[in-house]
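Reading through the structure tokens given below for one structure.
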Amino acid sequence: MIRLLFLGEITGRPGITALKKGLASLKTEYEIDYTIANGEGMTNGFGIGKAHSIQLGKMGVDLVTGAEKLFFKIDMVEFIPKASFILRPVNYPPMCPGHGIKYVTVKNRKLMIINLQGNSGFARQSIQNAFYSIDSILKKAEENGDGCIPIVLFHAAMSAEKKTMKFFLDGRVSAVIGTHTKVLTADECVTDKGTAYITDNGRVGSFMSVSGFDPETEIKKLRTQIPVRSQECWNDGIIEGVVVDINEESGKAERIERIAKHVEIVRPEEKDE
């Protein structure tokens, strides 16, 4: 059995602190073989810098994904072509730096991990249709007959688009793991055709927050319509995500389990007081 851990979006310093506090024990407890994390909110909640991406690897994350916020930090644009452990969406334009597919071998089985971004909710971006793109990739893989186990990270704003992708890829991939909203949904399942699915695998950071950010600041933004910058929140640390078991022989998913591990997080400035 191959056991994969899909971590929710890491949000700022609280997310980094939560991972430092609880990731190692979580991986040991669940006997994880490979860990994937959405890291695009790691640097102050907006983007991920080179140094932070390297830090994730040192903490035990094997693969980092990102989407519309991935290139918010300029050093990632220059770094990603050299960083095979970071995936940008596969349906970005060909001239975009980096790659959207990662081939890895786990327990003597080759996995094809695909990072895909949805088309709804990202008005400022012009990218290839997600359904056309993934269909083309999977058909090519089937023609090559390389026996890879395909896994899709689907970063999309609308739950309906993610649900539709679930049915479109049912039986064609081993997992469709939704990201973006940073709210752990309760609709995890394994279909009759062996595809594990969840609409959103949550976040790593503050649980008592607004998507990892300070509630008072978010309230002010909505009450005044003044676009003040979101602030990090340190209330009630949590590591959210899902664990997926994939049969080594069939390549089909057999189990998916939601993870919500509360950990103590303290603002670094408070430690020094």
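Using the Cβ-Cβ distance between residue 183 and residue 25 with R0 set to 25 Å, the FRET efficiency from 1/(1 + (r/R0)^6) comes to roughly 0.55. Sorting the segments 89-101, 139-151 by their residues' average number of neighbouring beta-carbon atoms within 10 angstrom, most packed first, yields 89-101, 139-151. With neighbour counts taken as other beta-carbon atoms within 10 Å, the residues 138, 116, 184 rank, fewest first, as 138, 184, 116. Around the Cα centre of segment 2-271, unit charges on the Cβ atoms of Lys, Arg, Asp and Glu (plus for the first two, minus for the last two) sum to a dipole of about 560 debye.
The tail of the calculated P(r) for the chain beyond 24 Å holds 46 percent of all Cα-Cα pairs. Can you list the aspartates and glutamates whose alpha carbon sits under 16 Å from that of residue 139, skipping same-chain ones fewer than 8 residues off? Correct list for residue 139: 170. For the chain, averaging the sequence separation of C-alpha pairs within contact (under 8 Å, six or more residues apart) and dividing by the residue count gives a relative contact order of 21 percent. When the pairs 107/252; 166/252; 20/82; 27/261 are compared against a 20 Å limit on Cα-Cα distance, 20/82 fall above it. Considering only alpha-carbon pairs that sit under 8 angstrom and 6 or more positions apart, the relative contact order computed for segment 70-155 is 27 percent. Seen from residue 235, the other residues with C-beta closer than 12 Å to its C-beta sum to a net charge of -4, counting Lys and Arg as +1 and Asp and Glu as -1.
Among rounded, prolate and oblate, which fits segment 156-226 when a ≥ b ≥ c are the square roots of the eigenvalues of its C-alpha gyration tensor, a/c under 1.5 means rounded, and a/b larger than b/c means prolate?
prolate
Note on the chain: with a GNM built from Cα contacts shorter than 10 Å, the maximum mean-square fluctuation among 223, 255, 13 falls on 223. Amide H contacts under 5 Å for residue 111: 104, 105, 106, 149, restricted to partners 5 or more places along the chain or on a different chain, H placed in the peptide plane at 1.01 Å from N.
Only the coordinates and a few stated rules stand behind these numbers; no lab work does. Owing to the predicted nature of the structure, the values given are computational and were not obtained by experimental measurement. Don't worry about glycine lacking a Cβ; one is built from the backbone with ideal geometry, like all the others, and counts go over all protein chains shown.
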